[in-house]
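To start, the structure under review is shown below, and the notes come after it.
Read-outs: derived from the displayed coordinates by stated rules, not from any lab. Note that this is a predicted model, so its numbers are computed, not measured. Positions of Cβ are backbone-derived with ideal geometry, glycine not excepted, and every protein chain shown enters the neighbour counts.
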2 protein chains.
Amino acid sequence: MKVSELAHSFGTTVDTVRYYTRLKMLNPIKSDNGYKYYPPSEISRFKFILSARQLGFSVSDIQDIIEEASHGKAACPLVRTLIKERLAETEKQFQAMLVLRKNMKDALAQWEIKEDKAPTSTMVCHLIDSFELATDERGSRDK
Amino acid sequence: MKVSELAHSFGTTVDTVRYYTRLKMLNPIKSDNGYKYYPPSEISRFKFILSARQLGFSVSDIQDIIEEASHGKAACPLVRTLIKERLAETEKQFQAMLVLRKNMKDALAQWEIKEDKAPTSTMVCHLIDSFELATDERGSRDK
DNA sequence: TTTAGACCTGTGTCCAAGACACAGGTCAAG
DNA sequence: CTTGACCTGTGTCTTGGACACAGGTCTAAA
């Protein structure tokens, strides 16, 4: 399989395949014409990488996992450790997005009503300047 | 006010102040010693930028808003348009994170039970390879 | 007065995960 | 044989700062 066949058969782009190849996570065979061909083993490795990415592992995580496995060791303990870390990070980002989304929605609602105002020397936009965060009980209590 | 005073008084870092200054969003006064001093007008502009960032505007959005306001025009219509776009993006990311988070939690749960396995030529990690996405009714229906 | 150390300066590089560009080589069909 | 679709390597761009580095400046103590 060549690069674009591989990419398209998994719904990704050639840039993604080339990126992993650059990082030596994929090791295609160079043919006489200079083209890269991906044998079945590399195809399944690509599938593995995509699965791992979908589960929130970073590319660097995946490199570590592959490295571990290449020594014949079971990567499972590492995989379990990593996903806990990534999940914790995701959870944090998720909570942050929850707050952000609420603020944005509140702002949009507040702003639909207010009329336009020209800027002044001290004020770029009265909408943004006057936006009131919905007072967050939890936020003000903890810490 | 000098850079570190400005930064710390709003709970940010000098790098952030310097970044906005590099982009000419802040225009400090250069004193004889080469130091930058931020007059009250720039302080309130910094406050404005931070508020806007907190509402999900990109730095580039904020540049556009400032640009608009600097011509004396009311930036309000632009601001309303932009926040709708950003909110839509945020909503999309939010939904994606929701799915990701669920997959990660499911994976973690599945993997707690399974035992370790050494890799084979075709399998880097059986945990990841064998992970089953909880079948997503909606996902398979739409499109 | 000197000196230490805390602050400041500009400039440059780095991060993640690719996306995009570009100049040129290769292949299959007409 | 030419056209056009595909391939190659290499390099730069993106976001929003964070961090580094070499050197200038300020303040207080010795």
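A few comments on the model shown:
- Test: residue in region B:22-37 that is within 11 Å of chain A (Cβ to nearest Cβ) and either within 16 Å of DNA strand D (Cβ to nearest atom) or not in a loop (DSSP other than H, G, I, E, B) (or both): yes
- Only listed residue being in contact with a helix residue (DSSP H, G or I) (Cβ under 7 Å, 6 or more places away or on another chain), more than 16 Å from DNA strand C (Cβ to nearest atom), within 7 Å of another protein chain (Cβ to nearest Cβ) and not in a loop (DSSP other than H, G, I, E, B), chosen from B:Leu78, B:Leu87, B:Leu100: B:Leu87
- Restricting B:Ser58, B:Ser70, B:Ser44 to those that are within 9 Å of chain A (Cβ to nearest Cβ), closer than 20 Å to B:Leu23 by Cα and surrounded by 14 or more Cβ atoms within 10 Å (Cβ to Cβ) reduces the list to B:Ser44.
- Being under 19 Å from the mean Cα position of the chain (by Cα) and surrounded by 12 or more Cβ atoms within 10 Å (Cβ to Cβ) holds for only one residue in B:Leu87, B:Leu26, and it is B:Leu87.
- Scan of region B:19-40 for residues that are within 8 Å of DNA strand C (Cβ to nearest atom), basic (Lys, Arg) and within 21 Å of B:Glu67 (Cβ to Cβ), ordered by number: B:Arg22
- Of the residues screened, A:Pro77 is not one that is more than 16 Å from DNA strand D (Cβ to nearest atom) and farther than 30 Å from B:Ile113 by Cα.
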